[in-house]
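Read the figures in this text as sums done on the coordinates, not as results from a lab. None of the values given here were measured: they were computed from a predicted structure. Counting neighbours? That spans all protein chains shown, and the Cβs are built from the backbone with ideal geometry, glycine included.
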Amino acid sequence: MGMAGREEMIKRILKLLALALDEVAAILIMVFLLPSLGIRLPLWVVALIVAVLLLKDVLVAPYVLGGGLERKPSTGAEALVGRTAVVVEDLSPEGLVKLDGELWRAKCLHGTARRGEKVRVVKVRGTRLLVELPASGEPR
């Protein structure tokens, strides 16, 4: 496992522990603090409260552990940004590109792109892709 993979796993474990903090706090309060104050809860009440908190975690965990707001959209126009398309009709500056087997009208933002070259989608404006050639270090 690489360094990035290890860091991602540590982040996920820390998020999971943060989700479980409310259960731990509730148990400590109900089992230790309240009895010391003379308040005794029946075991079934403690179990019910912990069960509700666990159910909340089961419902929230996929969102939190899956990236939540940090996750890139997987559908719609926003999902196309950052993807690579192949020029089908020279972009000088407008023409056609192919992305996932579909033809799209495209405009090259900086200069031109020739047929067969790869371009990166930087924005979607209506039904037109705004694209650019990869940076000099990226494959074309």
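Here are the numbers for this structure:
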read-out: Selection from Ala85, Ile39, Cys108 lying farthest towards where the dipole of the chain points positive, charges on Cβ; value: Cys108
read-out: Extension gain (nm, one decimal) between Glu78 and Asp22, 0.36 nm per residue minus Cα-Cα; value: 16.6 nm
read-out: Global size of the chain as Cα Rg and Dmax, reported in angstrom; value: 26.0, 81
read-out: Lysine pairs meeting the criterion (Cα under 20 Å, 8 or more apart or interchain), as found in the chain; value: 9
